[in-house]
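Beneath this line is the structure, given in structure tokens, with notes to follow.
Nothing in this text is a laboratory measurement; each read-out follows from the coordinates by a stated rule. Treat the numbers as computed from the prediction; the structure is a model and nothing was measured. Don't worry about glycine lacking a Cβ; one is built from the backbone with ideal geometry, like all the others, and counts go over all protein chains shown.
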Amino acid sequence: MKSIKDPVHGYVEVDTPAITLLDSPLLQRLRHIKQLGFSYLVYPGANHTRFEHSLGTMHLAGVMCRQLGVPEYDRLLIVTAALLHDIGHGPFSHSIEPVMEELTGRSHHRIGNLLKSDTLAPLLEKIGVDRNELGEVLAGDHQLSGIIHGELDVDRMDYLLRDAHYTGVPYGTVDAQRLIRSTLLSEEGIVIHESGINAAESLLIARTLMRPAVYFHHVSRIAETMFNHAVLRHLENKSPSEVTGMMYMDDVSCIHALRTSDCSVTREFAERIFCRHLYKRALYVGREQVNIKALTEYRGIPAQREIAEEIAGIAGVDPSKVLVDIPELPSGMSLHVQVKNRHRVMELAEVSPLLNTLNDNRLEQWRLGVYTPPELTDEVEIIASSLFHVKPLTMQDKLPV
């Protein structure tokens, strides 16, 4: 047993099986993957890593397992899953996810191949964890998966607390201990007691407020879009093994590869990110100003690249001078979180009138972005506004009747 000092949870106890896994290359690599991608360009303190987050998630998973009174093997299974849940992340965490899905067809959640690897499989066998069961937990197909895969899971509890701590943004306050103490195990899986509703709502509020302040801050979005374009240009005509290899780099190795790329556009973008000479917003509008249904044809990187090139062509500039960022609309929160009282198990939405308000707010936070060098913003704004049929912003709906 070891104790590791953590700035969020205090001392985190790591038992012998976890220590065995901690020293593996797949987990040590997470020391060099930033938890928040390019948020450090906005919040200089946001240099915490996936390794820290994995430790924190493991800690909270252990606390919840004790609360639920799960058998020892199930506790070991869940704690191991919590520790390993992020080993599939590429460099700069979620920032590279769109490129990973586009070029490899997988997301960071799909780590079955890593569980079977020569690096990890012997260690799992040594500590007595069945990798097939572990895969079920990580895929959300196990009765106890809700501990680390759910609307109110320990993964979210840790990253909200940790991200708020390192960014200094005061919106990530979550009463994790109260929420865990209100957790129950039922035939439906993981549910919360009605006494934990306020704690559950505080987590949902934190997620909603952290989204525009941190996770979708416009500077982070610009840097991520530039990064994705740089990676795509770098990997053009590269072999599948080279593509896969980049997805398993750490942050430093990835930026070095981009800054020394044989593609001049990639080198320029990497240097701009490194020196924080980022593109600016030519267009940044919410869903009330565009036709959301019409934007579905621009879903995915190729379609967004095509419309960006059309804008650049009309402006008479190089295609790399315009980037288009059309995120998916945020999904609703907590539609499947269940609350148990003395009589029955019900959906959280039945007992929390706040939920619909928060989900409406998340939709209002959505933005379509078009980014370009500072000297081109005015011209690109006019062209992009025309192509996307942007409506003038009005306060009519917000005026008192």
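Taken as Cα centroids, the stretch 175-192 and the stretch 141-157 sit 10 Å apart, rounded to the nearest whole angstrom. (i) 28.1; (ii) 22.7; (iii) 21.6: which one is Kirkwood radius over Cα pairs in Å as calculated from this entry? Only one option fits the structure, namely (ii).
Label the stretch 76-131 by shape, choosing from rounded, prolate and oblate, from the square roots a ≥ b ≥ c of the eigenvalues of the Cα gyration tensor; if a/c is under 1.5 it is rounded, and otherwise prolate applies when a/b is larger than b/c, oblate when it is not. Taking the square roots of the gyration eigenvalues as a ≥ b ≥ c, the stretch 76-131 is prolate. Placing +1 on the Cβ of every Lys and Arg and -1 on the Cβ of every Asp and Glu, with no other charges, gives the stretch 2-214 a dipole of roughly 700 debye about its Cα centre.
When you count the other C-beta atoms within 10 angstrom of each residue and take the mean per peptide, 222-235, 23-36 line up highest first as 222-235, 23-36. Computing FRET efficiency as 1/(1 + (r/R0)^6) for residue 356 and residue 331, where r is the C-beta to C-beta distance and R0 is 22 Å, gives about 0.95. Using alpha carbons only, how many degrees (0 to 90, rounded to 10) separate the axis of helix 354-364 from the longest principal axis of the chain? For 354-364 against the chain, the angle is about 30 degrees. The charge dipole of the chain, taken about its Cα centre with unit charges on the Cβ atoms of Lys, Arg (+1), Asp and Glu (-1) only, comes to about 640 debye.
Its Kirkwood hydrodynamic radius, worked out from the mean inverse distance over all distinct Cα pairs, puts the stretch 1-152 at 16.0 Å.
Simple spin-label estimate for residue 66 and residue 117 gives 3.2 nm between the two label positions (7 Å along the Cα-to-Cβ direction from each Cα). Positive end of the dipole of the stretch 2-214, charges at C-beta (+1 Lys, Arg; -1 Asp, Glu), about the Cα centre: which of 132, 16, 198 has its Cα farthest in that direction? Highest projection toward the positive end goes to 16.
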